[in-house]
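Here is the structure we will look at.
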Amino acid sequence: MKKVIVFLLFAFVCQGLWAQNVNVNVPLPKSLRTVSPSGDDAMNNRKIKFQTGGNFNLQIGNPMGFCLQPKIGILPLDWLMIGANISYTLRWYIPEKWVGHTFGANPFVEAYLFQRQFIIHAGYEWVNYQPYMYEAQRTNSHVVLVGAGYRTNISVHSSMNFLVLLPVYQYNGDGFRYYSNWYTPQVRIGYNYTF
């Protein structure tokens, strides 16, 4: 008798496990179905969105140069982005035939106003660079950049931006050498992908 009870108990437990693996093709009523948003609905239902992309900056004059800045950020609100980027700048002086490499980091805040097309930007930027061609020692420079720009949507997730930034405060470790790229306004063109 004990063997029969153990067998029935074992069959009852196994039947529950077996029933979980059986695929029944009977649809549930709509009221019992779980709704799992996908695609754009999932992104719109999320409270915090993320953004990635980067900027491209071109400098004309002496020195000539261009800068690449990949970035990442979060959007706690639809109109506010808090982010950071790293930067690499290639500078070259035409008469002297000298090339310099600059590395940097930049935490920033951006606000998107007027249907998220007008941009207000404020950020701190740190760079490490070689000041002159005959000096091997590199130096650090710090600046606060503020500016405005325009943003246009390419698709639901991607957009392009155009920024003009002005240096409002600059500090250098050695006290007298200023980073020459910050003498003029910075014009940056960027691409953003929101997910």
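Stretched out fully, how many nm does the piece from THR184 to ALA111 gain, at 0.36 nm a residue minus the Cα gap?
Length difference between fully extended and current span is 24.0 nm.
If I take R0 = 45 Å and measure r between the Cβ atoms of ASP78 and VAL99 in this structure, what FRET efficiency does the formula 1/(1 + (r/R0)^6) give, to the nearest 0.05?
Calculated transfer efficiency: 0.60.
Normalising by the residue count of the range 61-130, find the relative contact order in percent from Cα pairs under 8 Å and 6+ residues apart.
27
None of the figures in this text is laboratory data; all of them are computed from the coordinates on show. Quantities reported herein were computed from a predicted structural model and do not represent experimental measurements. Glycine gets a Cβ as well: all are built from the backbone with ideal geometry, and neighbour counts include every protein chain shown.
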